[in-house]
2 protein chains.
Amino acid sequence: VLIPDDLETPAVVVDAGLLERNLSRMADAAAAAGVALRPHAKTHKCLEIAQRQLAHGASGLTVATLAEAEAFAAAGCPSVFIAYPFWAASGDRPERVKELRTRTDLRIGVDSPSAAAALATAFPGARVMIEVDSGGHRSGVLPDDVGALATWCKSLGLEIVGAFTHPGHSYGSKETVRDTRTDEEFRAALVRGVEAAVADEHAALEAAGAAVAEITGTKPELSGGSSPTASARISSPLTEVRPGTYVFGDRQQMYLSGLSADDVALIVAARVVSAPRPGEVVLDAGSKALTSDRAGWLTGHGMIVEDPEATIASLSEEHAVVTGVTAPLKVGDLVRVVPNHVCPVVNLTSSLTVVRDGLVTGRWPVVARR
Amino acid sequence: VLIPDDLETPAVVVDAGLLERNLSRMADAAAAAGVALRPHAKTHKCLEIAQRQLAHGASGLTVATLAEAEAFAAAGCPSVFIAYPFWAASGDRPERVKELRTRTDLRIGVDSPSAAAALATAFPGARVMIEVDSGGHRSGVLPDDVGALATWCKSLGLEIVGAFTHPGHSYGSKETVRDTRTDEEFRAALVRGVEAAVADEHAALEAAGAAVAEITGTKPELSGGSSPTASARISSPLTEVRPGTYVFGDRQQMYLSGLSADDVALIVAARVVSAPRPGEVVLDAGSKALTSDRAGWLTGHGMIVEDPEATIASLSEEHAVVTGVTAPLKVGDLVRVVPNHVCPVVNLTSSLTVVRDGLVTGRWPVVARR
């Protein structure tokens with residue numbers, strides 16, 4: 001990502017050419033496998049990028065919130081899946097869900113009898129996807145419990161489209177620690193973790209699919225995918241994948257999805273504002289720009305392209321203290337930071353600065369922030 | 001903070017009565033010490049709260065960014081201090097700083113010769129405050145180096161108003177770990193850390209003040225304060241304090257500033273959206289609502305008022321997985337979360353929901369987000 005010198009900082013900058021390459025790669029992989037691609041739009045929250053994804057053949061979009069669903073449906077997205085255990089009963093949500101359904105093919109995640117009942121009351125006949133826990137242990141029912149929930153959903157008059165899972169354990173866990181292994185050994189262990197998560201994901205969806213098919217008598221949609229698992233393997237029994245982060249990549253994905261620094265299409269442009277101690281500088285990108293979000297196994301809060309071995313040792317809201325600096329950085333210098341986790345970074349800015357060959361070509365608004 | 005049942009969640013909710021009490025307490029403490037109160041507005045980013053602070057006698061506001069300075073100056077704040085090692089040379093900043101100076105008594109932090117030179121070029125005669133490092137080891141020069149920087153600033157024609165510091169080490173450090181101590185012992189150790197930071201803060205400012213006075217021949221402003229140190233002691237040599245978090249309080253301040261849960265004026269209202277395993281629930285407030293920001297010595301990502309011993313064990317963007325649940329929480333229930341660190345939480349929402357006696361009385365926009 002090449003950037004001009006006079007950027008107002010911090011700025012979230014997207015390289016349109018690299019973005020396009022990332023979109024193509026995933027679209028091609030899904031097409032080659034004959035699996036629908038329904039990218040998770042929480043990563044970009046950006047109508048311009050959603051349009052590019054649909055142009056590349058995406059079947060629709062995945063979102064996490066009602067506001068995201070509304071924004072993308074209003075922009076013409078033909079099918080939106082709220083891949084979340086959505087609670088439909090509060091405030092004006094019943095009206096909003098009904099309105100949304102007139103605009104798009106709406107699918108909603110369920111993982112509990114009570115949320116299913118609330119949804120059926122708010123919107124009779126809603127199309128649902130049953131969430132199954134494939135090992136991430138966040139939300140979702142166990143594969144053995146899919147049949148009971150599907151039976152309940154059917155009795156409520158909900159239309160069961162299929163089942164979905166998020167193999168969150170592809171990102172490692174609290175037990176994934178860097179310890180004393182070499183970088184190469186550690187990366188290999190992470191990749192083995194992704195492969196194990198793929199196997200878990202496919203097994204859970206296969207079991208869930210059999211249970212759903214028994215209730216509905218139709219072939220269910222089986223929707224999987226995180227960026228690491230989708231980058232590793234897209235194949236049967238999946239009928240759909242929902243990667244999000246692949247559009248930009250980030251430092252986590254450089255470990256998990258085999259990306260190189262040259263594949264990352266988004267950086268945070270920051271400026272050196274202080275050089276208070278030998279070997280240290282302070283950047284004007286703190287937790288309100290880079291986010292504190294970080295896999296426990298990553299050291300530091302991002303990678304500085306101009307000095308990859310330096311460590312962003314601590315963040316406060318508008319400061320990043322960088323240690324181990326070896327590049328000749330001085331106050332006023334512009335640097336590029338590959339963030340650890342790109343999704344919350346995008347959520348911290350109202351617009352993305354778009355560059356092509358180092359020149360700013362536009363600004364894309366980030367929609368549906370709170 | 002009492003809240004109505006049908007809130008759209010997640011929501012950042014402020015209790016106007018508790019807020020008022022917190023504003024009064026700090027204003028009274030500063031007034032009693034004869035020290036100016038210049039609250040840090042990064043915490044609330046809210047014109048309505050700034051107006052209340054000024055009505056309580058604040059001398060002006062502190063901010064971290066140019067956009068924050070512009071927003072509060074445009075709203076009529078008579079004096080704004082950018083307490084940050086501000087880089088004045090990039091993009092349209094020279095014009096913006098000049099425009100801002102026509103609206104308010106503008107003071108700008110400096111901690112390097114090059115940033116001072118850039119500022120003097122962009123805005124000749126700018127009023128500056130020299131940042132001194134009192135032990136937080138973020139930005140700022142050492143007390144011994146204040147004289148040289150002040151001499152340089154004077155030679156550039158800058159007006160040196162005084163010196164400032166942020167005793168960030170009052171929040172503990174990477175070495176502050178919970179270990180095997182009882183809660184009481186651990187809290188006492190944190191409070192001793194705050195007291196040590198107060199001593200460091202006062203000593204650094206005293207030394208910086210002597211150095212500045214020698215160059216300017218006038219009595220310098222000596223500006224200190226974080227919420228923990230300002231809650232612990234406001235006294236000479238300080239002439240000004242800049243606490244921010246005190247307006248709301250948060251879980252960190254419950255350890256550091258002697259606040260009880262009843263003093264905290266802001267909570268994140270969240271809903272139980274899944275109850276996938278015995279003793280666990282999932283809330284709809286993830287890192288995009290609660291922030292991943294967390295002192296290393298805090299366990300979990302916030303305190304649930306309805307179940308204070310439960311642990312918010314992990315956050316993803318729109319999910320919080322809560323373990324050790326003992327309250328009878330079920331899907332659809334509303335809970336209140338005291339966030340670990342309130343400043344980034346406010347920065348994650350476009351408006352604060354204001355309640356009084358459990359009823360929503362208004363919405364206050366959050367300004368100057370990126």
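The values are calculated or read from the model by the stated rules, or taken from the named source; none is laboratory data. Note that the structure is predicted; figures quoted are calculated from it, not measured. Every residue, glycine as well, gets a Cβ built from its backbone with ideal geometry; the counts of neighbours run over all protein chains shown. SASA here: full protein model, heavy atoms, side chains in, ligands and nucleic acids out. Shrake-Rupley method; radii C 1.70, N 1.55, O 1.52, S 1.80 Å.
Within the stretch A:38-57, the set of residues being aliphatic (A, V, I, L, M) and open to solvent by less than 10 Å² (accessible area, probe 1.4 Å) comprises A:A41, A:I49, A:A50. Residues in the stretch B:330-357 that are part of a loop (DSSP other than H, G, I, E, B), within 12 Å of chain A (Cβ to nearest Cβ) and touching a residue at least 40 places away in the same chain (Cβ under 8 Å): B:K330, B:V331, B:G332, B:D333, B:N340, B:H341, B:N347, B:L348, B:T349.
Only residues that are surrounded by fewer than 16 Cβ atoms within 10 Å (Cβ to Cβ) and among the hydroxyl-bearing types (S, T, Y) were counted in the stretch B:324-350, giving 2. Here B:V321 passes the criteria (1) closer than 28 Å to B:C46 by Cβ; (2) open to solvent by less than 20 Å² (accessible area, probe 1.4 Å); (3) among the hydrophobic types (A, V, I, L, M, F, W, C); (4) within 11 Å of chain A (Cβ to nearest Cβ) except the one numbered (1).
The condition of being more than 14 Å from chain B (Cβ to nearest Cβ), modelled with pLDDT of 95 or more, under 25 Å from the mean Cα position of the chain (by Cα) and open to solvent by less than 20 Å² (accessible area, probe 1.4 Å) holds for only one of A:L290, A:L266, that being A:L266. Of the residues making up the stretch B:1-21, not a single one is open to solvent by 30 Å² or more (accessible area, probe 1.4 Å), polar (S, T, N, Q) and either more than 14 Å from chain A (Cβ to nearest Cβ) or within 30 Å of A:W87 (Cβ to Cβ) (or both).
Selection within the stretch B:293-313: residues that are in contact with a helix residue (DSSP H, G or I) (Cβ under 9 Å, 6 or more places away or on another chain) and within 12 Å of another protein chain (Cβ to nearest Cβ). The member of this set that is most open to solvent (accessible area, probe 1.4 Å) is B:R294. Within the stretch B:48-93, the set of residues being free of Cβ contacts under 8 Å to residues at least 60 places away in the same chain, not in a loop (DSSP other than H, G, I, E, B) and not hydrophobic (A, V, I, L, M, F, W, C) comprises B:Q51, B:R52, B:S79, B:Y84, B:P85, B:R93.
For the stretch A:224-237, the condition holds for no residue, the condition being that it is within 18 Å of A:E317 (Cβ to Cβ) and among the aliphatic types (A, V, I, L, M).
Scan the stretch B:9-29 for residues that are part of a loop (DSSP other than H, G, I, E, B) and within 14 Å of B:V346 (Cα to Cα) and jot them down.
The answer is B:P10, and nothing else.
Checked against the criterion of being more than 14 Å from every other protein chain (Cβ to nearest Cβ) and open to solvent by 10 Å² or more (accessible area, probe 1.4 Å), the candidates B:S257, B:S223 yield just one match: B:S257.
Across the stretch B:67-92, the qualifying residues are those that are within 14 Å of another protein chain (Cβ to nearest Cβ) and surrounded by fewer than 20 Cβ atoms within 10 Å (Cβ to Cβ), and the one among them that is farthest from A:D284 (Cα to Cα) is B:D92.
Filtered by the rule that a residue be open to solvent by less than 70 Å² (accessible area, probe 1.4 Å) and either not hydrophobic (A, V, I, L, M, F, W, C) or not in a strand (DSSP E or B) (or both), the stretch B:358-370 gives B:G358, B:G362, B:P365, B:V366, B:V367, B:A368, B:R369, B:R370. No other residue among A:I108, A:I160 is closer than 27 Å to A:T239 by Cβ, more than 14 Å from chain B (Cβ to nearest Cβ) and under 25 Å from the mean Cα position of the chain (by Cα) apart from A:I160. For the stretch B:23-43, the count of residues that are out of contact with any strand residue (DSSP E or B) (no Cβ under 6 Å at 6 or more places or on another chain) and within 14 Å of chain A (Cβ to nearest Cβ) is at least one.
Run down B:T121, B:T165, B:T176 and say which single residue is of a type in the set (S, T, N, Q), within 14 Å of chain A (Cβ to nearest Cβ) and under 22 Å from B:A207 (Cα atoms).
B:T165
Within the stretch A:135-147, identify whether any single residue is open to solvent by less than 10 Å² (accessible area, probe 1.4 Å) and within 12 Å of another protein chain (Cβ to nearest Cβ), and answer yes or no. Yes, there is a match, as at least one residue in the stretch A:135-147 is open to solvent by less than 10 Å² (accessible area, probe 1.4 Å) and within 12 Å of another protein chain (Cβ to nearest Cβ).
Criterion first (closer than 17 Å to A:R363 by Cβ and within 14 Å of another protein chain (Cβ to nearest Cβ)) does A:E48 satisfy it?
No.
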